[in-house]
Amino acid sequence: MSDLVTGADGVPRCWWGADPPDYAAYHDDEWGRPVHEDRALFEKLCLEAFQSGLSWLTILRKRERFRAAFANFEIERVARFGDADVARLLADAGIVRNRAKIDATIANARAASDVALGELIWSFAPAPRPRPATRAQIAPVTPESTALAKELKRRGFTFVGPTTAYALMQACGLVDDHLEGCAAPSPWAPA
């Protein structure tokens, strides 16, 4: 049995990436594509934390509202958020109104202000490896994600454990967890 699915367009994708259309677009155009820029990495880190315990589809469908609420995830702007911003965010039905996650986003912006985030995160990228044949071969935590989470915490980041760190690594192309046979391009394939 294959963990690939073929969408209505005839394209083979990872088991989660064909339907609904929001997932197909995210799977095809974003997930697993290398992201190096600090602001974009910060956004993905924050959204992965907000996703904890929820469906990724919920976060994906609220992403534009998150961007508006969190100043497009501009690190320096979010780092200056104060009590009035927290109250505004807690009242915003367009985002996930979880106080711990909102506080973590602001704390993480302050921590990110003191580091070259892209350089730090990418320093934990493992060596390229073959794509997994099945989803059972995809671990939720790796030694690299554990080390990344530990280093982020050491630098003052919160709400980023090894599982969230690994989800970030997958989303940002540090690892290629698209399944063997998936039509998505490998981040390591020559252009």
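Read-outs: derived from the displayed coordinates by stated rules, not from any lab. Just so it is clear, the model here is predicted, and its values are computed rather than measured. Ideal geometry is used to build each Cβ from the backbone, glycine not excepted, and the neighbour counts take in all protein chains shown.
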Over what distance in Å are the Cα centres of segment 131-191 and segment 34-112 separated? 20
With +1 assigned to the C-beta of every Lys and Arg and -1 to the C-beta of every Asp and Glu, and no other charges, what is the dipole magnitude of the chain about the Cα centre in debye, to the nearest 20? 560
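Hey, could you grab the Kirkwood Rh for the chain? Inverse mean 1/r over distinct alpha carbon pairs, Å, one decimal. Could you put the intermediate results ahead of the total?
Working: mean 1/r = 0.0580 Å⁻¹.
One decimal place: 17.2 Å for the Kirkwood radius.
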Restricting attention to segment 1-84, which GluC sites (Glu not before Pro) occupy a DSSP loop and are surrounded by at most 12 other Cβ atoms within 10 Å? Glu37
Straight-line reach check, Lys153, cutoff 25 Å on alpha carbons, 8 or more apart in-chain or any other chain, hits among lysines -> Lys44, Lys101
With x for Gly and Pro, the residue-by-residue ³J(HN,Hα) of segment 70-80, computed from phi through the Karplus equation 6.51 cos²θ - 1.76 cosθ + 1.60 at θ = phi - 60° and given in whole Hz, is 10, 6, 6, 6, 6, 3, 5, 5, 5, 4, 8
Please name whichever of Val96, Trp15, Tyr26 sits farthest to the positive end of the charge dipole of the chain, dipole taken about the Cα centre and charges placed at Cβ: Lys and Arg +1, Asp and Glu -1. Val96
Identify the chymotrypsin sites (Phe, Trp or Tyr not before Pro) of segment 1-49 meeting these criteria: DSSP loop state and at most 15 other C-beta atoms within 10 Å of the C-beta. Trp15
Peptides 118-130, 157-169 ordered by average Cβ neighbours within 10 Å, highest first: 157-169, 118-130
Looking at the chain, identify the longest residue range that excludes and avoids all trypsin sites (Lys or Arg not before Pro) in DSSP loops having at most 15 other Cβ atoms within 10 Å. 1-79
